[in-house]
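Written below as structure tokens is the structure these notes are about.
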Amino acid sequence: MTTTDNGVNVQALLDAREALKGAPEAAQFTWRATSTWKNGVHSTTTIQNFFGLGQEQSHKTKTEFTADHPEIFAAEDNGITPIEYLLVGLAGCLTAGVASVAQNRGIQLRSVTSTVEGNHDIRGILGADSDVRNGFNDVKVTFTIDADASREEIEALVAQSQKRSAVYDALTNPTSVTVEVA
Amino acid sequence: MSQRVTTVVIGAGHAGLAASHFLSERSIDHIVLERGRIANTWRRERWDSLRLLTPNWLNRLPGHAYGGPDPDGYMTAGQVADFIGDYATVTAAPVRENTTVTSVRRTDGGYQVCTDEGDLDCVTVVIASGACNAPVVPECAAGVPDGITQLTPFEYRNPGSLPDGGVLVVGASATGVQLAAEVRRSGRPVVLSVGEHVRLPRTYRGRDVLWWMDATGVWAQSYDEIEDLARARRLPSPQLVGEPGTTIDLNALTGLGVEPVGRLAVIRDGAALFSGGLRNVCSLADLKMRRLLAGFDEWAGIGDGPAGFEPTRIPAAPRLRLDLRGGEIATIIWATGFRPDYRWLDVPVVDEKGRLRHDGGVVDSPGLYALGLPVLRRRRSTLLHGIEDDARFVARHLAERLTPRVVA
């Protein structure tokens, strides 16, 4: 009946939701990245394998990410700043959510763009003021969406995508992090 | 030696008594067991100022309607208890008070119900013991520093019974917003931790919002037509208070000086850490409320869009961290929901989340039934007056089980 096609296989996601309700073990995933220091504040991180559905899994290809800092940080600027990768993650996750929710609600998307801004007081990481935190003070995402839907329906898409976003949750809620030396 | 009876009804609240009404109508002999007094929860397990969220004209039980002088008012908890008590009297329900069920188990012919006042053997059982037998407190409460008073809605009575100092209210459903408002009015600083919630105005276009929900058929929706039934059944109670014309949404609370923060995520090193997602849970609630009101307008043929509601106002930078050791907070009130208690039920019909497995009140064990749970057969099952259709259905199903139909 519906001709909506945002390229999301919603049925597969709904089927997975049903299947995993009775199999919480299979729902346990571990995402993995491997990082190597190059020089200065320049490092590369590769991602290929992860664990899920009870076994080792692999992306089709290995992806390499370069992290560095800009020249105004007295660095070589071989790649983006690590904290900017958080913006990449948030944008990618929320956009995927918008597309999935739109598909599920029968809303045809024509274009979805967003800008993600993280406001950051770098006195924290420099140790210049102990009252300033290291991370973002706040993050603002602005979506521009062209779709066969009212403004209110589009606002609802964006709200629902936040509600089901892994990266939004990881940024807005505390997460326990363990860092150790092997 | 066990006493024999056809049906045992567990709980003498509105649900158990409505079941009794329809069982009597069908001449099915039964006993209603009540651990305390009739309408016990309303008498003993709620705070002083609590009033019913439904207006009086809507409060009816099978064959028993509100007959008082204030149809648009809201009953106090005590008045609800009396209303239910009067119903037990007029229906001459066979209630056995001060009788606590200790176990229910299957037997060859039906069920054995053990109580602290002796055992009963029966063919069928109606579980009407309520949906809110115990407060739910999140696990992170274990991290609250010593010296902070912690209360659930079962223990809280009124602001006067709190120690001096600031209060953190966790949860913004009906309970949380009502307690936050009255504690704030007592002069104490109040921080309210807000997760997903249901925003509603008390009145819309001059009528009680529950009038609209009744008239437009929102509550008539059947459980098997609801897309996500599990979600509908666990939906938090709406931000309402039983005070004529009084809306108690977050804008009203911030107007009183209550400070909203995000959902409580964890308590770490003596500090409460809140989600940075407050803005989105408020957006979701605003969008859902507007959709509901737009549906009312559509039903009424009013085309100019939902009237008069501004978006939820949120502080520019809601606090993400609250030091519980610094003296700012003296009390935490856990308004984080309630759950039923089925520890006495020795029949494998409770799921891993502690909820009864049932299909519209027919429990997954022959001859076992449930009444008085949220969205049991319709959305209105959650409310007092929703019990009539549900209890009639269950009594009929139960009767058919006792007397198998003759196939012509």
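The values are calculated or read from the model by the stated rules, or taken from the named source; none is laboratory data. Here the structure is a predicted model, which is why all the values come from computation and not from measurement. For neighbour counting, all protein chains shown are included, and Cβ atoms are generated from backbone atoms with ideal geometry for every residue, glycine included. With ligands, DNA and RNA removed, areas are computed over all heavy atoms of the protein, side chains included. Shrake-Rupley method; radii C 1.70, N 1.55, O 1.52, S 1.80 Å.
Looking across B:Ala272, B:Ala300, B:Ala317, one residue alone is closer than 30 Å to B:Ala131 by Cβ and either outside the structural domain of B:Ala174 (by TED's automatic domain parsing) or of a type in the set (A, V, I, L, M, F, W, C) (or both). It is B:Ala272.
Checked against the criteria, B:Leu240 counts as under 18 Å from B:Leu292 (Cβ atoms), surrounded by 17 or more Cβ atoms within 10 Å (Cβ to Cβ), modelled with pLDDT of 95 or more and not assigned by TED's automatic domain parsing to the domain that holds B:Arg357.
Residue check: A:Ser114 meets all listed conditions (1) in contact with a helix residue (DSSP H, G or I) (Cβ under 7 Å, 6 or more places away or on another chain); (2) open to solvent by 80 Å² or more (accessible area, probe 1.4 Å); (3) more than 14 Å from chain B (Cβ to nearest Cβ) but one, namely (2).
Scanning segment A:144-165 for residues that are over 17 Å from B:Asp286 (Cβ atoms) and surrounded by 14 or more Cβ atoms within 10 Å (Cβ to Cβ) gives A:Ile145, A:Ala147, A:Ala149, A:Arg164, A:Ser165.
For segment B:1-39, a tally of residues being assigned to a loop (DSSP other than H, G, I, E, B), aliphatic (A, V, I, L, M), in contact with a Leu (Cβ under 9 Å, 6 or more places away or on another chain) and more than 24 Å from B:Arg343 (Cβ to Cβ) returns 1.
The set of residues in segment B:176-209 that are surrounded by fewer than 20 Cβ atoms within 10 Å (Cβ to Cβ) and touching a Phe, Trp or Tyr at 6+ places or on another chain (Cβ under 8 Å) contains only B:Arg205.
Annotation note: of B:Trp42, B:Trp47, the sole residue that is in the same structural domain as B:Pro69 (by TED's automatic domain parsing) and part of a loop (DSSP other than H, G, I, E, B) is B:Trp47. The listed residues are B:Pro138, B:Pro189, B:Pro159, B:Pro153, and the only one of them that is of a type outside the set (A, V, I, L, M) and within 14 Å of chain A (Cβ to nearest Cβ) turns out to be B:Pro138. In segment B:60-74, the residues that are part of a strand (DSSP E or B) form Cβ pairs under 9 Å with partners that are of a type in the set (Phe, Trp, Tyr), at six or more places apart or across chains, as follows: B:Arg60/B:Tyr66; B:Leu61/B:Phe83; B:Leu61/B:Tyr87; B:His64/B:Phe83; B:His64/B:Tyr87; B:Ala65/B:Trp57. The test for being outside any loop (DSSP other than H, G, I, E, B) and touching a Gly at 6+ places or on another chain (Cβ under 9 Å) does not hold for B:Gln112. Contact annotation: residue pairs with Cβ atoms under 8 Å, 6 or more positions apart or on different chains, pairing a residue in segment B:144-157 that is more than 30 Å from B:Arg43 (Cβ to Cβ) with a partner that is open to solvent by 40 Å² or more (accessible area, probe 1.4 Å), are B:Pro145/B:Arg325.
Count of segment B:192-212 residues, restricted to those that are farther than 30 Å from A:Thr172 by Cα and in contact (Cβ under 8 Å) with a residue 60 or more places away in the chain, is 6.
Matching residues to (1) under 24 Å from B:Arg157 (Cβ atoms); (2) within 13 Å of another protein chain (Cβ to nearest Cβ); (3) of a type in the set (A, V, I, L, M, F, W, C); (4) touching a residue at least 24 places away in the same chain (Cβ under 8 Å):
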| position | (1), (2), (3), (4) |
| --- | --- |
| B:Ile302 | no, no, yes, yes |
| B:Gly305 | no, yes, no, no |
| B:Thr312 | no, yes, no, yes |
| B:Asp323 | no, no, no, yes |
| B:Ile332 | yes, no, yes, yes |
| B:Asp346 | no, no, no, yes |
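Please specify each residue of segment A:126-174 satisfying the condition of being facing chain B (nearest Cβ under 9 Å) and outside any helix (DSSP H, G or I). Across segment A:126-174, the qualifying residues are A:Asn137, A:Asp138, A:Val139, A:Asn173, A:Pro174.
Spot the failing condition for B:Pro348; the list is (1) open to solvent by 60 Å² or more (accessible area, probe 1.4 Å); (2) touching a Ser or Thr at 6+ places or on another chain (Cβ under 9 Å); (3) not assigned by TED's automatic domain parsing to the domain that holds B:Ser103, and only one is missed. Of everything listed in (1) open to solvent by 60 Å² or more (accessible area, probe 1.4 Å); (2) touching a Ser or Thr at 6+ places or on another chain (Cβ under 9 Å); (3) not assigned by TED's automatic domain parsing to the domain that holds B:Ser103, B:Pro348 misses just condition (3). Note on segment B:12-33: residues that are open to solvent by 10 Å² or more (accessible area, probe 1.4 Å), farther than 21 Å from B:Gly109 by Cβ and touching a strand residue (DSSP E or B) at 6+ places or on another chain (Cβ under 9 Å) amount to 3.
In the set B:Ser129, B:Ser173, only one residue is assigned by TED's automatic domain parsing to the domain that holds B:Asn40, small (Gly, Ala, Ser) and surrounded by 21 or more Cβ atoms within 10 Å (Cβ to Cβ); that residue is B:Ser129. Restricting attention to segment A:100-124, the residues being of a type in the set (A, V, I, L, M, F, W, C) and under 20 Å from A:Ala170 (Cβ atoms) number 2. Within segment B:252-306, the only residue that satisfies the criterion of being open to solvent by 10 Å² or more (accessible area, probe 1.4 Å) and of a type in the set (Phe, Trp, Tyr) is B:Trp299. Checking the stated criteria, B:Pro348 turns out not to satisfy the condition of being closer than 30 Å to A:Glu153 by Cβ and either assigned to a strand (DSSP E or B) or not aliphatic (A, V, I, L, M) (or both). Taken as a whole, segment A:124-147 holds at least one residue that is in contact with a helix residue (DSSP H, G or I) (Cβ under 7 Å, 6 or more places away or on another chain), within 27 Å of B:Gly305 (Cα to Cα), aromatic (Phe, Trp, Tyr) and touching a residue at least 40 places away in the same chain (Cβ under 8 Å).
Tell me, please, whether a residue that is on the phi > 0 side of the Ramachandran plot, away from chain B (no Cβ under 13 Å), assigned to a loop (DSSP other than H, G, I, E, B) and open to solvent by less than 50 Å² (accessible area, probe 1.4 Å) can be found in segment A:100-107.
Filtering segment A:100-107 down to residues on the phi > 0 side of the Ramachandran plot leaves A:106.
Add one more test, that the residue is away from chain B (no Cβ under 13 Å), and what stays is A:106.
Now narrow it down to the ones that are assigned to a loop (DSSP other than H, G, I, E, B): A:106.
Within this subset, residues satisfying the condition of being open to solvent by less than 50 Å² (accessible area, probe 1.4 Å) are A:106.
Looking through segment A:100-107, at least one residue is on the phi > 0 side of the Ramachandran plot, away from chain B (no Cβ under 13 Å), assigned to a loop (DSSP other than H, G, I, E, B) and open to solvent by less than 50 Å² (accessible area, probe 1.4 Å).
Each residue in segment B:98-109 was checked for being open to solvent by less than 80 Å² (accessible area, probe 1.4 Å) and modelled with pLDDT of 95 or more, and 7 of them qualify. Taking segment A:40-66 as the range and being open to solvent by 90 Å² or more (accessible area, probe 1.4 Å) and in contact (Cβ under 8 Å) with a residue 24 or more places away in the chain as the test, only A:Leu53 passes.
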